[in-house]
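Working notes, structure below.
Laboratory data are not the source of any read-out in this text; all were calculated from the coordinates shown. The structure presented is a predicted model; accordingly, all values stated were derived computationally and were not measured. Neighbour counts are summed over all protein chains in view; Cβ atoms, including those assigned to glycine, are modelled from backbone coordinates with ideal geometry.
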């Protein structure tokens with residue numbers, strides 16, 4: 001995933017990616033000769049001749065050929081039909097929840113937007129709530145990206161554009177003005193640009209070892225009030241461990257622990273051989289673990305399993321929680337989350353991994369500073385791919401609903417920094433930095449794009465509401 005050399009007459013830098021043609025994204029390429037940082041910066045600067053930075057600020061409302069509902073329905077094609085109305089109901093709550101659930105739609109839109117032809121390991125669904133706190137294997141609390149269902153090697157622009165747009169949409173949802181919404185988006189992009197340049201000066205090992213832990217976050221707090229708020233978040237995250245979740249989702253049935261049914265969100269699968277299939281899936285998952293993690297995993301036995309509906313974009317995919325116990329009845333709760341093909345695949349190419357769970361795990365390991373010790377993958381007896389992780393391990397999303405404009409901008413700065421580090425691990429930070437430059441040209445362009453795409457998101461949200469009223473889609477509205 002090195003920067004494509006720009007030579008005289010080179011026309012390999014496309015304004016939009018080619019349709020996938022069987023080529024696998026991230027497949028090994030012939031080794032390029034090493035280039036100095038200055039050479040890569042210069043290559044990046046010359047790419048501005050191909051795609052001016054101002055061009056990224058443009059967005060034109062699509063024509064009639066873009067059918068919002070058809071694109072969403074296509075993304076539902078392999079989901080559990082009975083859960084799709086829940087997904088639509090959650091998307092309809094606001095334009096921001098619509099954005100969260102419509103990664104496939106934005107992937108379709110960004111595929112036609114300008115990009116300079118430089119790939120990184122992309123998150124694929126990079127919005128502001130897909131960042132958060134979680135525990136490292138050493139039990140330290142860090143802030144990082146935490147959702148990789150759509151991860152795939154793809155243009156770096158796709159992640160930063162989705163992230164910037166999410167800040168604009170969330171700001172509007174929170175009652176902030178367009179001026180403050182644009183400020184949040186620009187702050188996010190500026191942080192991404194400046195920190196990517198800083199990472200380009202580091203050695204590869206320094207980039208891989210870097211992480212944003214609680215000490216760093218506290219040091220970044222602008223005042224005592226912000227510091228107190230962050231400390232409270234850290235304390236809440238540390239309380240979100242498996243032992244705290246256990247009594248809330250389990251009960252004793254005939255002397256045995258069982259997961260509590262809470263339909264339609266948590267429920268047992270009424271199929272006679274379901275637990276046998278879970279056992280086989282666990283055996284296959286075990287093969288994806290390293291030898292030392294297998295020793296740990298073997299200390300637990302299966303007790304129960306049930307389906308659990310999660311998120312917004314993931315609703316309708318097959319997600320299960322598996323309850324396990326050690327010999328002394330210490331609980332372990334694993335989440336098995338179905339991995340379908342990335343929404344980026346039609347535009348960026350297929351993954352080099354045929355197993356979609358492995359695609360998610362490898363992308364996560366490449367982008368995160370540290371990952372869950374139980375991260376792995378499995379294929380069900382029915383042929384469906386899943387990735388596996390702990391259900392709760394100090395995981396906490398930042399509550400942005402009631403953020404002030406200043407708080408949202410500070411959060412935008414942190415997210416921009418985090419995305420820069422993730423992209424620097426897999427892509428040419430120097431080449432991208434050369435293109436972005438030291439000034440604010442790209443930042444300001446992205447501020448324009450964020451507001452324009454926020455307008456588009458509101459229109460698309462209205463299209464879904466109209467489709468519900470017309471009976472084109474079925475919707476289940478839950479009590480919030």
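Order the peptides 226-232, 178-184 from the highest to the lowest mean number of other Cβ atoms within 10 Å of their residues.
178-184, 226-232
Between residue 478 and residue 46, take the C-beta separation as r, use R0 = 60 Å, and let me know the FRET efficiency to the nearest 0.05.
Computed FRET efficiency for residue 478 and residue 46: 0.70.
Post the alpha-carbon centroid distance, segment 73-88 to segment 148-186, in whole angstrom.
So the two Cα centres are separated by 25 Å.
At 7 Å along the Cα-to-beta-carbon direction for both residue 397 and residue 70, put a label point, then send me their distance in nm to one decimal.
About 3.1 nm, to one decimal.
In whole angstrom, how far apart do the alpha carbon centroids of segment 407-432 and segment 220-238 sit?
21
Would you mind ranking 423, 115 so that the residue whose beta carbon has the fewest other beta carbons within 10 Å leads the list?
Fewest-to-most Cβ neighbours within 10 Å comes out as 115, 423.
Looking at segment 242-390, what % of its DSSP beta bridges pair antiparallel, to the nearest 5?
95
With volume of the Cα convex hull per residue in Å³ as the read-out, I listed (1) 140; (2) 167; (3) 157; which label goes with the value calculated from this structure?
(3)
Calculate how steeply helix 156-173 sits against the longest principal axis of the alpha-carbon atoms of the chain, using the helix alpha-carbon long axis, and give the answer as 0 to 90 degrees to the nearest 10.
That helix lies at roughly 70 degrees to the long axis.
What percent do you get for the relative contact order of the chain when only Cα pairs under 8 Å and 6+ apart count?
32 percent.
Tell me, 403, 34, 387, 442 in order of fewest to most beta-carbon neighbours within 10 Å?
34, 403, 442, 387
Using Cα-Cα distances under 8 Å and only pairs 6 or more residues apart, what relative contact order does segment 169-321 have, in percent?
Relative contact order comes out at 14 percent.
Report the gain in length on full extension from residue 298 to residue 210: 0.36 nm times residue separation, minus Cα-Cα distance, nm rounded to one decimal.
Contour length minus the Cα-Cα distance gives 28.5 nm.
Under the rule of -39500 (n - 2.57) per DSSP H run of 4 or more residues, summed and divided by the residues of the chain, what mean residue ellipticity at 222 nm is obtained, to the nearest 500 deg cm²/dmol?
Only helices count here, giving -14000 deg cm²/dmol.
Compute the helix-to-body angle for 356-367: its Cα long axis versus the longest principal axis of the chain, expressed 0 to 90° and rounded to tens.
It is inclined by approximately 60 degrees.
Angle between the Cα long axis of helix 405-426 and the longest principal axis of the chain, 0 to 90 degrees, nearest 10?
The helix 405-426 is inclined about 90 degrees to the chain.
If you rank 296, 344 by fewest surrounding Cβ atoms within 10 Å, what's the result?
Final ranking by Cβ density, sparse to dense: 296, 344.
If you average the sequence gap of Cα pairs under 8 Å that are 6 or more apart and divide by the length of segment 242-390, what percent do you get for the contact order?
It rounds to 22 percent for segment 242-390.
Given the peptides 255-266, 99-110, 369-380, arrange them by the average over their residues of other C-beta atoms within 10 Å, most packed first.
99-110, 369-380, 255-266
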